[in-house]
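Step one of this worksheet: look at the structure below.
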Amino acid sequence: MTPQTFFRRKQRLMLLTLSGLLVSYAVASIALGFQQGALLQVQTGFLWMAQNFLPTAATFKLLPAVLFQLWRAFIIATAAAGVAGLLSLLLAVIGAKNLGQRHVTVSFLIRGFASVLRNIPIIAWALILLFSFKQNELTGFLALWFMNLGFLTRAFLETIEDFDTGKLEALIATGTSRPVAIMQGLLPEIATPTVEWLLYMIENNVRDATLVGLLTGTGIGFLFDLYFKSINYPAAGLVVAVLIVLVISLELLSTHIQRSLT
Amino acid sequence: MLTVTALSKRYTPDKPSLEAVDLQADVGTITAVIGPSGAGKTTLLRSLNQLLKDDEGQVCLDDVDLRQLSKRDLQKARRNIGMIFQNYNLIDALTVLENVLHGCLGAKSTLAGMFAHYTAEEKQEALKLIDEMGLSDFAYTACKHLSGGQKQRVGIARALMQHPKMMLCDEPIASLDPKSAQMVMTILRRLADDKGLIVVVNLHQVDIATEFADHIVALNHGRKVFDGVPADLQAAQIQAIYA
Amino acid sequence: MIESVSMSQTPTQKAPRPVNRRTRTLRAFVTGLAVISIYGLISVLPKHFDLWTATKVFGANLQLMFFSPNVGNDSHLLLMQALFASIELAFVTTVLGAGIGLVCGLAAAENIAPRWLSLTTKSVMAFVRAIPTILWVLIYSVALGLGPNAAVVGLTFHSVAYLAKVFANTIEEIPAQTIEALRAGGCGLLPVLCQAVLPSLASRLLSWTFIRFEINFANAVVVGAAAGAGGIGYQLFVASNFYFNFHEVGMIVYYILAFVFVLEAISTKLRHKFID
């Protein structure tokens, strides 16, 4: 192969991939009925927000109610991640292939269970739970919890399977029992990624809590929906504003925590 | 005293990793196990504290056959056997002190072990061992910040925390620079001389083995091909072992 | 003989163990999480609520869903079309997100962009990310009118913000010397980007894009249900909220799972190859 043919081939491959992507994009856009021009109207959204979402004096009367729901959303988001996290860690320790789980089926079942839980859309959880648990916070909590259980089990399994079991063996060689070796050897080593996953989950839960609330008619999502549909845009803007504050503070907090852990 | 009789181990039915190996190691001596990679050195060492099971033969430490013990009794017996590794196997996220204290986890109840409840005496002793290893400035440093030689000394301190009768060393200096290697071997020599431990060490450097060991065992293809004092090990034999 | 190794030295007395920053942070985090979890668990339970009956009903519904799925009032063809509509939505928003996200990611990377640009871009992206996807879609349904345009623009917003962040993180991992060396050779910014930065990162950027495709598919389902934007999510919403047909809900969930499992298998392969 001469350099010319090499570069020509490379260029041709590049061109083919790009045009393939472009054609698929065009086909998908047409099938969807998406007009590319809409992309040029992005600023209308921001303008619209700036015009309509600015809270007025009247909306500040709603602030206590909004803040209360924000507080509940935070508590539910964190509790769902916390409760699911504990159980996930247990499942992951049982299911991890490198910690002496001799039954391949147990590993496989835990992995499959986690995968199904996490891939059922959260709205499906919310809609199904709505029937049996009715319109209340518990429904939202459980929807988040099921999804978190699947997601975190999977994440912890991967974290644990990256762990070098020689370290565990070194502790077992001192005459330690396996549970103690796992507590003293495994947990300190996986603490940092575990905390990172939990923080990510909490942050994500706050956003998802809004969505679940929208569907199940509870919490901060319901409040937004109520104000938005009754064209009380300044109040809806207030909800968005406090959500932004919460999510960004969580993001800052989690950067701070991650920095102290390294 | 450690007495190994007719120890065999097979991973695959036709190719044995250890074939009827006999071995004796006395209190206060260093026994070096040498041989090419894949000769069965690690398999032998890991059978000595039964990290590897399903073998045949006898492994007697002070007339107790470790192979006959129940799971509980084996756990107890392992407290008498310290072990250090080529890649140290420390918990990198924890401090030197915590890693050394891990050596006394085996002597605790499960509950106390789970919550890492150490007595003041144990902490004092751990600090003393850290001091003896020349690491007193690093007691509260996380192990991930240490050099290889320092990590291996932490490993030794952790093993000593068990008050072992025997010390198993699996290629302890294979990842170390020459100066740290000398230091670690010197420490092991002292453990045999001053504390009267049985030291069994896997090595691939014959010169280090002849310099520090009292007794050399050579393995090849799972069989013992040499057993004697360093002075008896001739150049021709070394060539045969590594052939 | 090495001096520091002396076995007979008397132990120096040490102060009680200082708790380091890591341990303190870990303890605070675990305690905080535990307290909030317990409080949350207690406070989330409604008063006078028959938990047992609810759980039983829930179990029975799950059984209906998973063990006797059927297409209900719709047809397989319709569900297939709906699934494809969601996939198309995810695809279009991922392509847009990756393209715009790459530009924003370069603008946000501290080792390439000037400091003011990097800081501004990062703040704007953090702001966009903080608003849930569904709210963006709802906002644009009012600003642009309900329909696919609002759905695409709303979903693209979040994709851009997400990808800009992970792309910037990836680009920031390039050693500063590599860029300096090329610039010192008299190379302009654009050639440096095209010849050095992008080729060496292409595989990792692509894996992140693929991960975002998975997220976008989930989001496309969500948007269909919560904003009435069509697709399989809308079918799910109608089946459960209007027809109360658990058999159909089960069938739709199976459709979604089937597609997601294919994606997951591909992304696991990609991740092992490129990210770890």
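Derivation of every value follows stated rules applied to the coordinates shown; laboratory data play no part. This is a predicted model, so every value here is computed, not measured. All Cβ positions, glycine included, derive from the backbone under ideal geometry; neighbour counts span all protein chains shown.
Excluding C:Ala107 itself, calculate the net charge of residues whose Cβ lies under 14 Å from the Cβ of C:Ala107, where each Lys or Arg counts +1 and each Asp or Glu counts -1.
Neighbour charge sum, excluding C:Ala107 itself: +1.
Between A:Val116 and C:Ser68, what FRET efficiency comes out of the Förster formula 1/(1 + (r/R0)^6) with R0 = 25 Å and r the beta carbon distance, rounded to 0.05?
Once rounded, the FRET efficiency stands at 0.90.
Order by neighbour count: A:Met49, B:Met1, fewest other Cβ atoms within 10 Å first, most last. Before the final figure, lay out each step's value.
Details: A:Met49 19, B:Met1 14.
Ascending Cβ contact count within 10 Å gives the list B:Met1, A:Met49.
Over all directions, what mean area does the Cα convex hull of chain C project, stated in square nanometres?
Projected area, direction-averaged: 27.2 nm².
Ranked by Cβ crowding within 10 angstrom, fewest neighbours first, how are B:Cys60, C:Cys194, B:Cys169, C:Cys104 ordered?
Values: B:Cys60 16, C:Cys194 10, B:Cys169 27, C:Cys104 23.
Lowest count first: C:Cys194, B:Cys60, C:Cys104, B:Cys169.
Counting only other chains, what is the mean number of Cβ atoms within 10 angstrom of the Cβ of each residue in peptide C:137-145?
Shielding by partners across C:137-145 averages 6.
So what's the angle, to the nearest 10 degrees on a 0 to 90 scale, between helix C:232-241 and the longest Cα principal axis of chain C?
Rounded to the nearest ten degrees, it is 60.
Please average, across the residues of C:124-134, the number of beta carbons from any other chain that are within 10 Å of each residue's own beta carbon, and give a whole number.
Partner Cβ neighbours, averaged per residue: 6.
Which FRET efficiency value, to the nearest 0.05, is calculated for B:Val64 and B:Arg189 with the Förster distance at 30 angstrom and r the Cβ-Cβ distance?
0.65
How charged is the neighbourhood of C:Glu173? Take every other residue with its Cβ under 12 Å from the Cβ of C:Glu173, and add Lys/Arg as +1 and Asp/Glu as -1.
Numbers: positive: C:Arg204; negative: C:Glu110, C:Glu172.
Result for the local shell: -1.
Ordered by residue, what ³J(HN,Hα) values in Hz, to whole numbers, does the stretch C:207-214 give under the Karplus form 6.51 cos²θ - 1.76 cosθ + 1.60, where θ = phi - 60° and Gly and Pro are x?
5, 4, 4, 5, 4, 5, 4, 4
What three numbers, in Å, describe the spread of the alpha carbons of the stretch A:1-102 along their principal axes, ordered from the longest?
72, 61, 28
Could you work out the relative contact order of chain A? I mean the mean sequence separation of Cα pairs under 8 Å and 6+ apart, divided by the number of residues, in percent. Spell out each step's value before the answer.
Working: 250 pairs, mean separation 66.0, N = 262.
Over chain A, the number comes to 25 percent.
For chain C, modelled as a GNM with alpha-carbon contacts under 10 angstrom, which of C:Ile36, C:Ile174, C:Ile87 fluctuates the most?
C:Ile36
Would you kindly calculate the mean projected area, averaged across all directions, of the convex hull enclosing the Cα atoms of the stretch B:89-163, in square nanometres?
4.5 nm²
Taking the Cα-to-Cβ direction at B:Ser109 and at B:Ser37 and moving 7 Å from each Cα, how far apart do the two end points lie in nm?
4.8 nm
Roughly what angle does helix C:76-108 make with the longest principal axis of chain C, taking Cα atoms, 0 to 90 degrees, to the nearest 10?
Roughly 30 degrees, rounded to the nearest 10.
Would you mind ranking A:Glu169, B:Glu125 by Cβ crowding within 10 Å, fewest neighbours first?
Neighbour counts put them in this order, fewest first: A:Glu169, B:Glu125.
Apply the Karplus curve 6.51 cos²θ - 1.76 cosθ + 1.60, θ = phi - 60°, to the phi angles in the stretch A:135-140 and return the couplings in whole Hz, x for Gly and Pro.
So the Karplus estimates, Gly and Pro as x, are 7, 7, 5, 4, 4, x Hz.
Please work out the FRET efficiency for the pair A:Trp71 and C:Asn111, using the Cβ-Cβ distance as r and a Förster radius of 35 Å; give the result to the nearest 0.05.
Here the calculated transfer efficiency is 0.30.
Please give the net charge around A:Trp145, taking every other residue with its beta carbon less than 13 angstrom from that of A:Trp145, where Lys and Arg add +1 and Asp and Glu add -1.
The answer is -1.
Counting only DSSP beta bridges with both residues in the protein assembly as shown, tell me the antiparallel percent, nearest 5.
Restricted to the protein assembly as shown, the bridges split so that about 55 percent are antiparallel.
Would you please name the GluC sites (Glu not before Pro) within the stretch C:105-187 that are DSSP coil residues with at most 14 other C-beta atoms within 10 Å of their C-beta? Intermediate results must be reported in sequence, preceding the final value.
Details: sites: C:Glu110, C:Glu172, C:Glu173, C:Glu180; in loops: C:Glu110, C:Glu173.
Answer by residue number: C:Glu173.
Using a basic spin-label model with each label point 7 Å from the Cα along Cα→Cβ, how many nm lie between A:Gln258 and C:His272?
With each label point 7 Å from Cα toward Cβ, the separation is 2.6 nm.
Any chance you could list P(r) for chain A, counting all Cα-Cα pairs in 10 angstrom bins from zero, rounded to whole %?
6, 20, 22, 22, 17, 9, 3, 0
Compare C:Ala218, C:Ala176, C:Ala113 in a GNM of chain C, Cα atoms joined below 10 Å, and give the one with the largest fluctuation.
So, out of C:Ala218, C:Ala176, C:Ala113, the one fluctuating most is C:Ala176.
Which ³J(HN,Hα) values, rounded to whole Hz and listed in residue order, are derived for the stretch B:201-215 from phi using the Karplus coefficients 6.51, -1.76 and 1.60 in 6.51 cos²θ - 1.76 cosθ + 1.60 with θ = phi - 60°, glycine and proline given as x?
10, 7, 9, 10, 9, 5, 5, 5, 4, 5, 6, 10, 8, 8, 7
Please average, across the residues of A:183-191, the number of beta carbons from any other chain that are within 10 Å of each residue's own beta carbon, and give a whole number.
Across the residues of A:183-191, the mean count of other-chain Cβ atoms within 10 Å is 6.
Using a basic spin-label model with each label point 7 Å from the Cα along Cα→Cβ, how many nm lie between A:Phe46 and A:Ile30?
In this crude spin-label approximation the distance works out to 3.3 nm.
Give or take rounding to whole Å, what are the principal axis extents of the alpha carbon atoms in the stretch B:35-187, in descending order?
Here the Cα extents, ordered largest to smallest, are 46, 41, 24 Å.
Please report, in whole Å³, the volume per residue of the convex hull around the C-alpha atoms of the protein assembly as shown.
234 Å³
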